[in-house]
Amino acid sequence: MRPVLVALAIAIFGILAMLFVDHGPWSHPHARTASLSDHQMTTAQAARDAGAVVVPTAPKPAVEPEPPGPKQAEPPNPKP
């Protein structure tokens, strides 16, 4: 009976600890004011200010060419 009580106490302590950590005052989202948001840059804004541009990639061909070299042998069948 004692191991059951110890396990139950540990389970209750774990659940209470998770509730405390997940729902404590530090886990709530903080609202940012407009003045604070103006001073913080996003990554895209910083990249544009540094002169970065977005360039589209070249489209892939509809049919891929066969790779050079011999074809791979089929793997052996593991079932007899």
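The values are calculated or read from the model by the stated rules, or taken from the named source; none is laboratory data. Quantities reported herein were computed from a predicted structural model and do not represent experimental measurements. Every residue, glycine among them, receives a Cβ derived from its backbone with ideal geometry; neighbour counts consider all protein chains shown.
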Residue pairs meeting the criteria (Cβ under 9 Å; at least 6 apart or on separate chains; first part of a helix (DSSP H, G or I), in the range 19-39; second at pLDDT 65 or above and surrounded by 10 or more Cβ atoms within 10 Å (Cβ to Cβ)):
Ser27/Val21
Please enumerate the residues belonging to the range 39-49 that are at pLDDT below 80 and either of a type in the set (Asp, Glu) or over 25 Å from the mean Cα position of the chain (by Cα) (or both).
His39
Is it true that Ala52 is at pLDDT 80 or above and either part of a loop (DSSP other than H, G, I, E, B) or among the aromatic types (Phe, Trp, Tyr) (or both)?
yes
